[in-house]
Structure formats: C-alpha cells, structure tokens
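Have a look at the structure below before the remarks.
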Amino acid sequence: MHNVSAKIVSEIPSMATVYASAVKTLGRKPKNPKLPQTVLVFQGATADLEKLQDFRKAVNAPMNAVLPSLYVHSLAFPLAMSLMLRNDFPLPLLGMIHLSNHVSVSQPLGEDESFDIEVHSENLTSHAKGVTCDLVIRIVVDGQDRMLMRSTFLAKGVKLSDAQPVTIEHPEFAAPIRTAQWKLDSGTGRRWAKVAGDYNPIHLSALSAKALGMPSAIAHGIYMAARVLAGIEPGAGTYQWSIEFKTPVVLPATVDLGFRRNATGYTVDAWHARKGKPHFELELISQSN
C-alpha cells in the first residue's frame, strides 16, 4: 500500500452526503488522468446491530455472530466513495459503471469486533470504452489484515494516450441448470437503498434512472451479490469471492440462477429468465473449512 499521504478521518460520511456532493464531479473531463496517492483511514469502526439485522433480513443471511463481508462493505464503502469526491481524484463519480468486486477474507469479523478501515485507489487501466480503476478497502484489526475488498469501476470516454485497451474475450454464455429464481419488483432498488444507504439515482426509479441514461431502474449489484452469498458464505476460515457484472438487471425482473458446488466452493450464474442473457457470475473459493 502506498503510505504516501495517509489521512485519518473522524467519521464515515453517509452515502446521501456523498451523492449530494457528486454533482460537482460531473465536469471532470481529464486528459491522461493520474490517481492520487491518498489513503483515507477511519479507526475503531463497529457494526450497527440494528442495521446489521436489517441487512440480514433483506438478503436472508444467517444469524451466525459474524459479519457478512458485504455488510462490512456497505459500512465502509461511503468512505471509499468520499475519496472520489476529493479534488485530487480525476474521474467523475456520477455515471461510473460498476464492473466487478473481489473480496478476500482471512478471518470473518465477529459482530462485536472493532476494526480500522483504510481506502485508496489504484490500477488506472485503459479500457475499450474509457478507463477503469479500483477502489480498495482494507479492514484491519490489531494491525492484521482481515479483509481486502476491491471494486472495479469504468469511467466512459476517458482516455490514456499511451495505453492500448486490454481486450478480453468473453466465451458465449450457456446457462447451467436453473436451481433458483428471483422475482424482483420495481421497488427492489428503493428497499435496498434504505438497508445499505446507497441512494444512487440509477437504482431508485425509472424516472431518475432514465435521467442518467439507463433504460429504467436497475437492481444494485451489491444487493444481488449479498443475496447469493447469504446461502454460501463461510462463517469461519479463509475464503475469497469475486463477482463480474455482465448486463444490468432492469426492474421489474425475473432472474434465473444456477448454483454449482465444486471441490473448492461455488460458482453461481444469474441470467435473464426470458432472453437468456447473463447478468453476473459469482465465484467463491474457500481455502479452509
């Protein structure tokens, strides 16, 4: 980690505050942007037990005395977003497209543990549609890394002059056997926003989503990942998981899913029930049982 400019902050902002300030970033049209070396640090974070119960109920997560990794993510993510509001961050926050998440857990956090949160940005990379960058959240207890959470975002239309976009070949999607189906109504995004505090307008209503260029409101990627993980995330030991988002889930929606168990964990695919187009793929690998 680049400890070039660590800045200790006294509170984690609310997502509502972050989005209220996000409009000021819309004018950012950088030529050859560079990511700042800033690291924001919040010390002594703890779970809000009432919000934790709301989170568990919303995705049917087990009451097992440890924190779901995406509950920790929802608590820490506003701090990562506030990094993108700073004047030294070159990309516009609104309109960023969420491509993937990678999470490594060395040991789950207990409900009553206190932890430090460190956030920074890295990996500015050329992409066929613009540039991508990673927001990285480190969760530390007594100097030991317990979780590393990486979210990759695409900023469309931004160019790096001396870089060639990496082309990734995606094999044609073939749906596995369906083992679950979700019916998501048009209020799904609004209900999750109340639980996770993520009031991004693209999730709240058809009207606010269309204003930002979406066909209608789309389901939160984190909500869908949390719902998948609720049934398969280990309550102990070392594990990692990743999710790649392929096409948005436009609300209301019927989503088909295939959960496949293997020697090291699970692969979960989700796709549009009628069109057969893939929405996301999640892979969980458990290093210790």
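The values are calculated or read from the model by the stated rules, or taken from the named source; none is laboratory data. Quantities reported herein were computed from a predicted structural model and do not represent experimental measurements. As a convention, Cβ positions derive from the backbone with ideal geometry for all residues, glycine included, and neighbour counts pool all protein chains shown.
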Exercise. Any idea which residue in the range 146-188 is nearest to R28 (Cα to Cα), counting only those that are surrounded by 14 or more Cβ atoms within 10 Å (Cβ to Cβ) and of a type in the set (V, I, T)?
Worked result: V158
Exercise. Residue check: is R227 among the basic types (K, R), in contact (Cβ under 8 Å) with a residue 12 or more places away in the chain and assigned to a helix (DSSP H, G or I)?
Worked result: yes
For this session: Starting from the range 180-194, keep only residues that are touching a residue at least 60 places away in the same chain (Cβ under 8 Å), then list their pairs with residues that are of a type in the set (S, T, Y) and part of a helix (DSSP H, G or I) whose Cβ atoms are within a distance under 6 Å, requiring at least 6 positions of separation or different chains.
Result: W192/Y223
Exercise. Of these, A206, A211, which one is small (G, A, S) and at pLDDT below 85?
Worked result: A211
Problem set entry | Filtered residue count, the range 195-224, keeping only those that are within 19 Å of the chain's Cα centre (by Cα) and free of Cβ contacts under 8 Å to residues at least 12 places away in the same chain | 1
Problem set entry | the range 160-172 residues that are touching a residue at least 60 places away in the same chain (Cβ under 8 Å), paired with ones that are assigned to a loop (DSSP other than H, G, I, E, B) (beta carbon under 7 Å, 6 or more apart) | L160/N32; S161/N32
Exercise. Taking into account only those residues within the range 90-134 that are in contact with a Ser or Thr (Cβ under 6 Å, 6 or more places away or on another chain) and part of a loop (DSSP other than H, G, I, E, B), which is farthest from L49 (Cα to Cα)?
Worked result: P92
Exercise. Hey, among the residues in the range 10-66 that are in a loop (DSSP other than H, G, I, E, B), small (G, A, S) and touching a helix residue (DSSP H, G or I) at 6+ places or on another chain (Cβ under 8 Å), which one's surrounded by the fewest Cβ atoms within 10 Å (Cβ to Cβ)?
Worked result: S14
Exercise. What residue, of A263, A225, A193, is of a type outside the set (D, E), out of contact with any strand residue (DSSP E or B) (no Cβ under 9 Å at 6 or more places or on another chain) and surrounded by 16 or more Cβ atoms within 10 Å (Cβ to Cβ)?
Worked result: A193
